[in-house]
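Structure first, commentary second.
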Amino acid sequence: MRNSPLARFWQWRATFFLLSLLLLASMTALGQEPARASRAGVEDSNAGGAASGSITGRVVGDDGRPVADAQVFIFRAFSNFSGRGSVTDSAGRFQFKELSPGLYLLRAGSAGFIELPDENRNPLEPRYFRLGETAQLTLVKGGVITGTVMNAQGEPMTGAIVRVIRVRDAQGRKLTLEGGASGAPRMTDDRGVYRIYGLQPGSYIVVVGGGNPYFLGTMGLYDGDTPTYYPSSTRDTAVEVMVRAGDEATGVDIRYRGERGHTISGTILGSATGNFSYLGVALTRVTTGILEAQTYSPSVDGKRVFSLNGVPDGEYEITAQNTLEKGETLASMPRRVTVRGTDVTGLELQLSPLASISGRVVLEPLPKEAACVTQTSAQLAMQQTLVTARREEQDKERIQVAQFFSGGNVPDEQGEFSIRNLSDGLFRVSVRLPGDDWYVRAATFPTPARATTEPARLAATKAAPATKAPPAPSLAPGTVATRRGERTSGIVINLAQGAATLRGRVTTQAEGATLPANLRVYLVPAERERADDVLRYAETAPAADGSFAFTSLAPGRYLIAVLSAPPPTEYLRPPRMLAWDEESRKALRREAEAANNALELKPCQQLKDYALSYAAK
């Protein structure tokens, strides 16, 4: 897996591009500027002070052998610390020194190779590492899609940009963020041949022509044409190409349609400028969510203008985004645009601030009798805590600009946090705890305000009495309603130490029987008065051998049940707990009470080898 310097450059470009897309979808907001790569064990400068430390690890192949010269990137969660790179040594080892305390995300890559995907972990739930921990990252050979692009006369097309979009994972689950590109776009050679490598397992659509929405500034010979999808189709009739790890899908030949596209153009109002001010426009299809086109917005005669070319007929949503120097973002409301046989001009997109939520994390005093609790400074505990918010609505509208539908923040030394750049909607707030011995003891959320209208005047000049607006909608536990330009504050999250741990195994009653797929183990608070305390519910999926584990559990009495859950049909969707929905929570309680498997967890208790029997219904 050793590469030439030139190959490393192109590998870095592709690796970092894919990494930035993943970070965007997974809400890590970690800075997007990779620094130099250094050989493992060589110091990477970072002002870490006396409390600084290191994160080490190895990169191995799927056969367990070390991978030398692999690129490894590290990012600190929700901070201004830009990414840092390293290169593994001959034993596959890497080390990042002088890191400030906090939570870090690691990514590895090598030309033609990808990280082994963990099908049991949603990419929107990344694994973070703390100082002193050791990581093992596994690379496997990526898949390949290759073929030839011909024009309508059957002649090879030279210099055509071909890109692929992953639409299903290896299990066939639909990707809800379909707009994400996969693999660096490639240009056809003089024979019309293209070859795109380093692909994750899954199903892809292959497209050529149209504006290149993923590498701004890359000019193609066919940017003004509508995209042609494999084999010679529009998006609605495109044929998916299945790719397996390490395999090569050959003969994916495309007959180019050569149809001239249309232009969508206009101006942007309310933009801001600064030393760093990115202003872009994105166009997505309403039916699929695919990013059809994207462009910068230059200033012409003091106005911000935009022009998107090569747009086929269809229904679209267009959005402008102005990212400012300190990370704040202005955005326009998504605007529906219909293209039918002609250009669409004269659009105006009005930028405005997005919503934000803020609050405070409170670390409660150590329990008087908690031998298991490790004394942790409040500052360190805060640095290892994440507060995140994710859009709660399901399937009500397509996610167009992913970063506006999620966000997060690490509390400061006083526990204050603020999550910015959120769209209008309902967001669920959750916490990544600083350690397994911590749990969320309580969480308080602000009550939505009930507005009162001004007195209205009747036609007879008689004043009407003041009328109250309809009551604010009832919010699900743990959620916050956001509104563009408004800041919701007053969230208080209380964390305590002394959490319990439960580990066990699910077995079947029938001899020789195997456990069905999609089982889940649920913990339900035993006390009826806690029936709606969502913080006391927990769930997990057992491993293939039936083993399961719960950490960070609040001490108390529980009912435990194992139930069959419907298989997921979509991937890259934030996982939802059954207890979040009121009706589902009631049904879950009925199942748990019927099973009548009760247990009580003491502070700091580590209950192991718990046997849970599953009987199919």
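Every residue, every condition in (1) in a strand (DSSP E or B); (2) within 27 Å of THR444 (Cα to Cα); (3) among the β-branched types (Val, Ile, Thr), yes or no:
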| site | (1), (2), (3) |
| --- | --- |
| ILE560 | yes, yes, yes |
| LEU563 | yes, no, no |
| GLU583 | no, yes, no |
| LYS586 | no, yes, no |
| GLU591 | no, no, no |
| ALA594 | no, no, no |
| SER613 | yes, no, no |
| ALA616 | no, no, no |
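The combined condition, being in a strand (DSSP E or B), surrounded by fewer than 20 Cβ atoms within 10 Å (Cβ to Cβ) and at pLDDT 95 or above, is not fulfilled by ARG520. The residue that is nearest to TYR222 (Cα to Cα), among those in segment 145-183 that are modelled with pLDDT of 95 or more and hydrophobic (A, V, I, L, M, F, W, C), is MET157. Take the residues in segment 130-145 that are surrounded by fewer than 17 Cβ atoms within 10 Å (Cβ to Cβ) and of a type outside the set (D, E, K, R); name whichever of them is farthest from ASP436 (Cα to Cα). So, considering only residues that are surrounded by fewer than 17 Cβ atoms within 10 Å (Cβ to Cβ) and of a type outside the set (D, E, K, R), the one farthest from ASP436 (Cα to Cα) is GLN136. For segment 311-323, the set of residues classified as part of a loop (DSSP other than H, G, I, E, B) and surrounded by fewer than 18 Cβ atoms within 10 Å (Cβ to Cβ) consists of ASP313 only. Scanning segment 218-259 for residues that are closer than 19 Å to THR284 by Cα and either surrounded by 15 or more Cβ atoms within 10 Å (Cβ to Cβ) or without any contact (Cβ under 8 Å) to a residue 12 or more places away in the chain (or both) yields ASP223, GLY224, ASP225, THR226, PRO227, THR228, TYR229, SER233, THR234, ARG235, THR237, ALA238. Of the strands (runs of 3 or more DSSP E) that lie entirely inside segment 347-441, those containing 3 or more residues that are at negative phi and at pLDDT 90 or above span 355-363, 386-391, 416-422, 425-432.
Per-residue answers, yes or no, for (1) among the aliphatic types (A, V, I, L, M); (2) modelled with pLDDT of 90 or more; (3) not in a loop (DSSP other than H, G, I, E, B):
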{"residue": "VAL239", "(1), (2), (3)": "yes, yes, no"}
{"residue": "SER265", "(1), (2), (3)": "no, yes, yes"}
{"residue": "ILE268", "(1), (2), (3)": "yes, yes, yes"}
{"residue": "GLY274", "(1), (2), (3)": "no, no, no"}
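Kindly indicate the residue of segment 404-447 that is of a type in the set (Asp, Glu) and touching a Lys or Arg at 6+ places or on another chain (Cβ under 6 Å) and also farthest from ALA499 (Cα to Cα) among those meeting that condition. The residue in question is ASP424.
The values are calculated or read from the model by the stated rules, or taken from the named source; none is laboratory data. All values derive from a computational prediction rather than experimental measurement. No Cβ is skipped: glycine too gets one built from the backbone with ideal geometry, and neighbour counts run over all protein chains shown.
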